[in-house]
1. Check whether at least one residue in the range B:141-156 is open to solvent by 40 Å² or more (accessible area, probe 1.4 Å) and modelled with pLDDT under 95, and report yes or no.
2. Pick from the range B:15-25 the residues that are assigned to a loop (DSSP other than H, G, I, E, B) and in contact with a Ser or Thr (Cβ under 8 Å, 6 or more places away or on another chain): which of them is most open to solvent (accessible area, probe 1.4 Å)?
3. Of the numbered conditions (1) among the β-branched types (V, I, T); (2) more than 23 Å from A:R224 (Cα to Cα); (3) crowded, with 20+ Cβ neighbours inside 10 Å; (4) more than 22 Å from the chain's Cα centre (by Cα), A:V380 satisfies every one except a single condition; which is it?
4. Taking the residues in the range A:241-259 that are open to solvent by 10 Å² or more (accessible area, probe 1.4 Å) and in a loop (DSSP other than H, G, I, E, B) as candidates, determine which candidate is farthest from A:A202 (Cα to Cα).
5. If we only count helices (runs of 4 or more DSSP H) wholly inside the range A:28-108, which ones have 2 or more residues that are farther than 30 Å from A:D378 by Cβ, among the basic types (K, R) and in contact with a Pro (Cβ under 7 Å, 6 or more places away or on another chain)?
6. Tell me which residues, restricted to the range B:149-165, are in contact (Cβ under 8 Å) with a residue 12 or more places away in the chain and either small (G, A, S) or within 17 Å of A:D194 (Cα to Cα) (or both).
7. Quick one: count up the residues across the range B:100-124 that are open to solvent by less than 10 Å² (accessible area, probe 1.4 Å) and either under 22 Å from B:R160 (Cα atoms) or of a type in the set (F, W, Y) (or both).
8. Go through the range A:131-190 and tell me which helices (runs of 4 or more DSSP H), entirely inside it, have 3 or more residues that are without any contact (Cβ under 8 Å) to a residue 40 or more places away in the chain, within 13 Å of chain B (Cβ to nearest Cβ) and not hydrophobic (A, V, I, L, M, F, W, C).
Amino acid sequence: MDIAIDTSKSRYQVDKNGYYGRFGGAYVPEMLFPNVDELQRRYMEVLSDPTFQQEFEALLRDYVGRPSPLYFAKRLSEKYKAKIFLKREDLNHTGAHKVNNTIGQILLAKRLGKKRIIAETGAGQHGVATATVCALMGMECVVYMGSIDIERQAPNVSRMKMLGATVVAATSGSQTLKDATNEAIRDWINNPVDTHYILGTAAGPHPYPDMVARLQSVISEEIRKQLLEKTGSELPDYVVACIGGGSNAAGAFFHYLDEEAVKLVAVEAGGKGVHSGHSAATTQLGKIGIIHAAKTLLMQTEDGQITEPYSISAGLDYPGIGPLHAHLYETGRARFLDATDDEALAAAYELCKLEGIIPAMESAHALAKLKDLPFNPDDVVVVCLSGRGDKDLNTYIRHMNK
Amino acid sequence: MQNRIDQLFATKQNGVLNIYCTAGYPQLNDTLPVMTALQQHGADLIELGVPFSDPLADGPVIQDSGTQALKNGMSLHKLFEQLDGFRERIHVPVILMGYFNPVLVYGVEAFVKKCAEVGVDGVILPDLPKAEYEAEYKPIFEQYNVSLIFLVTPETSDERIRQLDSLSKGFLYAVSSSSTTGKDKDMSHQQAYFERLQQLKLKNPVLIGFGIKDKATFDTACRYTNGAIIGTAFIKALGEGRDIDATVRNFIGSIK
């Protein structure tokens with residue numbers, strides 16, 4: 001397993017100070033310094049530990065159901081005239097890629113002697129994945145979720161409660177993922193000794209972006225092996241993933257970052273249109289600043305106030321992107337596109353009809369750009385199908401009847 | 001010219017009262033009237049909060065005051081407009097407390113220069129890390145003689161307290177307990193921490209903040225350090241009061 005691989009020679013990976021180019025760092029108030037410092041000092045040692053890796057691998061195999069299949073989508077391929085493979089993270093236990101990270105972080109939290117777990121969630125997938133591993137390990141779990149998301153992702157709220165987590169509504173600001181993250185950070189400030197914060201995306205203060213990317217890197221580690229079996233080469237022409245904070249994209253890109261022949265495509269949530277005033281397309285609308293203790297690209301006013309994003313998808317409704325992705329954008333290593341709500345909905349219905357798979361609203365954003373990429377018929381394209389659409393049925397049904 | 005914060009501590013070592021208020025709160029143009037009343041009724045130092053959309057270290061009361069101030073139209077540009085010429089009336093040291101993003105967007109050097117121009121003496125940026133300050137910004141603050149004040153908490157190691165003390169100018173801000181503002185954690189358990197701060201023989205004066213809300217907690221803090229900072233309790237009073245001058249007079253009267 002390659003989660004602790006040495007990345008110090010890569011142009012794209014984190015440097016020893018916790019930066020990706022000019023992005024990253026740990027802009028935390030002093031109250032959080034001891035916690036973040038402990039993680040910075042310990043995370044690589046823990047991730048490199050063979051007993052940690054054995055436990056992580058065993059749980060991913062026997063509990064999560066990994067490796068997740070790499071499925072050749074025949075009818076989708078016919079339609080878009082390329083060889084399209086879907087990395088089926090939707091088939092993981094709890095229904096999304098999020099569980100890869102929560103398994104890793106709960107094993108880490110145990111090694112750090114923590115007793116209590118907190119998390120933020122947007123779509124509820126990370127909240128469910130955190131509640132799940134807390135139940136598995138018998139640890140207390142508090143999940144912060146924006147009031148608006150509690151409403152639009154109701155099934156996941158029930159799942160978290162059934163799994164024994166306390167779900168706390170974040171009622172400040174836009175009442176979505178950004179505000180849930182603020183509340184989780186405030187909880188951590190108030191509980192600095194016994195609590196570990198399982199951040200769900202490749203954002204936040206160093207070492208979270210790197211730690212989460214490493215724990216999610218099993219996605220691209222598996223893709224390489226599976227592609228070799230299926231096509232004779234580990235390298236596809238394209239890897240396509242949706243991006244909010246960027247954890248599934250980080251995992252899908254990780255082992256391809258230094259393979260310059262592989263085109264990386266990140267798809268942001270365009271909302272009602274990038275310039276409609278209702279969008280979450282951070283690379284187009286954002287500029288450099290600090291959000292959730294990381295220096296990165298974020299949507300903000302001229303005065304440096306963070307603005308409220310919009311997306312139909314709760315998991316992409318975030319005004320920043322992780323610092324790795326800001327760096328991939330700035331260096332041109334990854335191409336950033338956006339898909340509107342309507343494009344994502346159409347792509348979701350299409351995947352149902354062509355392949356019999358109901359994707360998560362988030363993953364549908366990645367699928368929505370297949371129509372815009374200039375494929376050659378022989379191109380091998382991997383789309384990270386980050387989650388399943390059960391949680392989005394209400395949204396899908398509402399739009400189906402329109 | 002000597003920095004006003006240093007002048008203050010040169011003449012007063014005990015019972016220094018620093019009051020926090022949010023710029024542009026309760027009304028946009030209340031900033032100066034509140035500061036004037038604070039000086040009039042005996043605040044030794046004024047900490048002026050620059051509102052931010054995502055104040056991670058603040059509890060609900062200060063969060064709400066910031067949200068209101070932003071709704072009122074407060075911004076860093078607006079604040080500097082309001083502060084233009086304020087030194088004709090206000091002579092106590094004034095510190096701006098704000099999160100780093102608005103300052104970064106304004107431009108750190110432009111911000112520090114503007115602070116010096118209008119007569120702001122110090123700045124607290126809780127989410128500007130020590131390492132970044134040392135590597136990038138320290139010379140700017142020194143050039144304009146604006147003090148950057150660092151925070152320490154009960155979880156900060158002795159070694160790091162010493163490092164932060166050596167970097168900090170004006171005073172060292174000792175957060176009373178590990179919490180967001182206005183959390184009301186019991187300060188009686190913090191005796192060991194306060195004694196530790198005393199024994200470290202720091203170069204800077206020390207003010208205790210977070211959880212200071214009345215005469216009893218203010219007096220406790222003053223037993224160990226040079227004084228204390230009151231934020232949430234004052235913002236609450238300001239939000240509830242009708243007349244700014246009377247509210248400030250009553251509030252400070254209840255502390256001193």
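The values are calculated or read from the model by the stated rules, or taken from the named source; none is laboratory data. Note that the structure is a prediction, hence the values are computed from the model and not measured. Cβ: placed from backbone, ideal geometry, glycine included. Neighbour counts: every protein chain shown. Heavy atoms of the whole protein, side chains included, go into the accessibility calculation; ligands, DNA and RNA do not. Shrake-Rupley method; radii C 1.70, N 1.55, O 1.52, S 1.80 Å.
1. For the range B:141-156, residues open to solvent by 40 Å² or more (accessible area, probe 1.4 Å) and modelled with pLDDT under 95: present.
2. Among them, the one singled out is B:Y25.
3. (2) is the only condition that A:V380 fails.
4. Among residues in the range A:241-259 that are open to solvent by 10 Å² or more (accessible area, probe 1.4 Å) and in a loop (DSSP other than H, G, I, E, B), the one farthest from A:A202 (Cα to Cα) is A:E259.
5. Details: elements: A:33-48, A:50-59, A:74-80.
Helices (runs of 4 or more DSSP H) meeting the threshold: none at all.
6. B:T153, B:P154, B:E155
7. Number satisfying all stated conditions: 5.
8. Helices (runs of 4 or more DSSP H) meeting the threshold: A:177-190.
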